[in-house]
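Notes to accompany the following structure.
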Amino acid sequence: MRDPRLEKLADVLVNYSVGVKKDQLVRISGGSESRMLIVELYRQVLAAGAHAFVRTGFEELDEVFLKNGDDAQLAFVNPITVAEVERIDCHIGIWADENTRAKSNVDPKRMGIQQAARKPIMETFLKRASSGDLRWVGTQYPTQGSAQDAEMSLAEYEEFVFSAGLLHHADPVASWKKISERQQRLTDFMNGKRDYHVVAANGTDVRMSVENRLWINCDGHENFPDGEVFTGPVIDSVNGQINFSFPAVHHGRECDGVKLTFKDGKVIDAHATKGEQFLFSMLDMDAGSRFLGECAIGTNFGITRYTRNTLFDEKIGGTVHFALGAGYPETGNSNESGLHWDMVVDLREGGFVEIDGEKVNVDGKFVREGYPNP
């Protein structure tokens, strides 16, 4: 039986998020657990007059590859994947891990080799997205594994996911456009500023330059659900301490109590109470992995709880996040890395965001009328 929520989600992703046009080449990728959504997306892409193709697989294959492939295989850059990224007009990606901890026992150095090998693919993807030649969106399909991570039943998690995307609204697109207007006011204010400073009650105190950087309004076009404004800092300008509030999850591996010290842009000291060796392996992945590619402010006040899923956690209204590794070229940040790892700082227990000496968010709430707020 077709799920009307998936039909509505597919409609929003195809016709709003990526805005598929007639005759475009559209890649749909997702695990086997997301097949019901893949079918609805395929249907919508065809209805838009475009050409759809599907890349799907079993999550066990990645574990087999990481545990059994030799170094040459791990470092292999698949020319077919490269050709796809160079040619497709749109990409719709679905995260749908049934076992989110499947790679918990994989050697992090082997994961680092695999991710470093994807660097040229990521660079091509990001550059084409920055130029507007490639439109993309990523979304979450509710699975038992993700529900367990979030400490919810599957039914509760489904409700959480679909509500975060405003799919319970009669016209979700109209609702996202209203959110976009509020976020654009914030984005317009942030653009043209120079000094970005974040202080939190957990000991975070970090400052960086965003001079000549572009702040971007994320309103459901590249992540869905969405709700943030972001940019990339001047790479060598980051100085201070960032203590992350929640466990940081990357490819199923969890690091908790992460504390990073930056000097002239680079992480010079790092600690974690859990997963510290994995953290070190990711920091040492390549030349760009100890630098920040992104700084951002979460604006989705409909998401209030931590779920061990970056798609949702980085959007929590009242938080900020920073990403180690690759930057988005459209912001002006040129950091290159096979890593892009978002980690979150919660301001709701005390803290502020300051731009050029003016506070824009205090204790997790924006100070101006017309900005996103609960």
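I need the fraction of alpha carbon pairs in the stretch 228-309 separated by more than 15 Å, rounded to a whole percent.
The share of Cα pairs beyond 15 Å in the stretch 228-309 comes to 63 percent.
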> What nm distance separates the two modelled labels at Arg118 and His168, each placed 7 Å from Cα along Cα→Cβ?
Replying inline: 3.3 nm
> Which length gain, in nm to one decimal place, applies between Val77 and Asp3 when the Cα-Cα distance is subtracted from 0.36 nm times their residue separation?
Replying inline: 22.9 nm
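Fully extended, how many nm does the chain gain between Phe53 and Val367 (0.36 nm per residue separation, minus their Cα-Cα distance)? Can you show the working numbers first?
Numbers: separation 314, 0.36 × 314 = 113.04 nm, distance 4.59 nm.
Working it through step by step, the gained length comes to 108.5 nm.
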> How many percent of DSSP beta bridges within the chain run antiparallel, rounded to 5?
Replying inline: 70 percent
> Quick one, which of (i) 18.0; (ii) 17.0; (iii) 30.2 is the actual mean projected area of the Cα convex hull in nm² calculated for this model?
Replying inline: (ii)
>> Under a crude label model (7 Å from the Cα following the beta-carbon direction), how far is Asn15 from Lys178 in nanometres?
In response: 2.0 nm
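Excluding ligands, DNA and RNA, what is the solvent-accessible area per residue of the stretch 186-292 at a probe of 1.4 Å, expressed in Å²?
Details: 3940 Å² over 107 residues.
Value returned for the stretch 186-292: 37 Å² of accessible area per residue.
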> Along the Cα-to-C-beta direction of Ala287, a point sits 7 Å from the Cα; which residues of the stretch 93-126 have their amide N less than 15 Å from that point?
Replying inline: 119-120
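Cα convex hull of the stretch 20-65: how many Å³ per residue?
Numbers: hull volume 2.5 nm³, N = 46.
That works out to 55 Å³ per residue.
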>> Could you give me D for the stretch 297-374, from Stokes-Einstein at 4 °C and 1.567 mPa s, where the hydrodynamic radius is the Kirkwood radius over C-alpha pairs? Units µm² s⁻¹, please.
In response: 96 µm²/s
> Stretch Gln148-Asp107 to full length: gain in nm at 0.36 nm per residue minus the Cα-Cα span?
Replying inline: 12.4 nm
> Reported to two decimal places, what Rg/Rh ratio describes the stretch 90-182 when computed on Cα atoms with Rh from the Kirkwood expression?
Replying inline: 1.06
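Sorted from largest to smallest, which semi-axis lengths in Å does the alpha carbon gyration tensor of the stretch 274-337 give for its equivalent ellipsoid, taking the root of 5 times each eigenvalue?
On the way: eigenvalues 113, 61, 10 Å².
The answer is 24, 17, 7 Å, longest axis first.
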>> Distance between the C-alpha centers of the stretch 90-145 and the stretch 1-57? Whole Å please.
In response: 18 Å
> What list of ³J(HN,Hα) couplings, whole Hz, do you get for the stretch 27-40 from phi and the Karplus terms 6.51, -1.76, 1.60, once you set θ to phi - 60° and write x for glycine and proline?
Replying inline: 9, 10, 10, x, x, 4, 5, 9, 4, 5, 6, 4, 4, 5
>> Charges at C-beta only: +1 for Lys and Arg, -1 for Asp and Glu. How large is the resulting dipole of the chain about its Cα centre, in Debye rounded to 20?
In response: 500 debye
>> Given the -39500 (n - 2.57) contribution per DSSP H run of 4+ residues, what per-residue ellipticity at 222 nm results for the chain, rounded to the nearest 500 deg cm²/dmol?
In response: -9000 deg cm²/dmol
> Looking at the P(r) of the stretch 249-291, how many percent of alpha-carbon pairs lie beyond 11 Å?
Replying inline: 64 percent
> Using the beta-carbon distance between Asp188 and Ser131 and R0 = 22 Å, what value does 1/(1 + (r/R0)^6) give for FRET efficiency, to the nearest 0.05?
Replying inline: 0.45
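Assuming R0 = 41 Å, what is the FRET efficiency of Glu276 and Leu25, from their Cβ-Cβ distance, to the nearest 0.05? Mind showing how you got there, number by number?
Values: r = 43 Å, r/R0 = 1.05.
The value I calculate is 0.40.
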> If the cut-off is 22 Å between C-alpha atoms, which lysines fall inside it for Lys127, apart from same-chain ones fewer than 8 positions away?
Replying inline: Lys21, Lys119
>> Cα atoms only: what Rg and Dmax, in Å, come out for the stretch 124-229?
In response: 17.3, 45
>> Running a GNM on the chain with Cα contacts under 10 Å, which residue among Val267, Val137, Val77 ends up with the highest mean-square fluctuation?
In response: Val77
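Net charge near Thr273: determine it from the other residues with C-beta under 10 Å of the C-beta of Thr273, scoring Lys and Arg +1 and Asp and Glu -1. Could you put the intermediate results ahead of the total?
Details: positive: Lys259, Lys274; negative: Asp256, Glu276.
Overall, the nearby charge balance is 0.
Write down the Kirkwood hydrodynamic radius of the stretch 181-224, to one decimal in angstroms, obtained as one divided by the mean of 1/r over all alpha carbon pairs.
Working: mean 1/r = 0.0822 Å⁻¹.
Its Kirkwood hydrodynamic radius stands at 12.2 Å.
The values are calculated or read from the model by the stated rules, or taken from the named source; none is laboratory data. This structure is a prediction, so every number in the text was calculated from the model and none was measured. All Cβ positions, even for glycine, are placed from backbone atoms using ideal geometry, and neighbour counts span all protein chains on display. Just so you know, the surface numbers come from the protein's heavy atoms only, side chains and all, with ligands and any DNA or RNA stripped out. Shrake-Rupley method; radii C 1.70, N 1.55, O 1.52, S 1.80 Å.
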